[in-house]
């Protein structure tokens, strides 16, 4: 088997994300055992301050 670019095509066959049991999205990482959407198995849902916008499109500081 040759090295380099032809071998890299064989890396894409594995399943990385499966369905999350809490949020239902296909974002539960099998190896990390963490959902990238909701943060499961963390008890709190994952959220950031930059995700929320105010009514007029400006963030509160």
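Numerical summary
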{"quantity": "Fluctuation leader among 13, 22, 31 - the chain, Gaussian network, Cα springs under 10 angstrom", "calculated": "13"}
{"quantity": "GNM flexibility winner over the chain from 33, 44, 14 (Cα, springs under 10 Å)", "calculated": "14"}
{"quantity": "Rounded FRET efficiency, nearest 0.05, which uses the C-beta distance separating residue 22 from residue 49 and R0 of 22 Å", "calculated": "0.50"}
{"quantity": "Förster-model FRET efficiency, 30 Å R0, residue 8 and residue 30, C-beta, rounded to 0.05", "calculated": "0.90"}
{"quantity": "The chain - percent relative contact order, Cα under 8 Å, separation 6 or more", "calculated": "16"}
{"quantity": "222 nm mean residue ellipticity, helices alone, for the chain (DSSP H n ≥ 4; -39,500 (n - 2.57); rounded to 500)", "calculated": "-1000 deg cm²/dmol"}
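Read-outs: derived from the displayed coordinates by stated rules, not from any lab. This is a predicted model, so every value here is computed, not measured. Neighbour counts run over all protein chains shown; Cβ positions are idealised from the backbone, glycine included.
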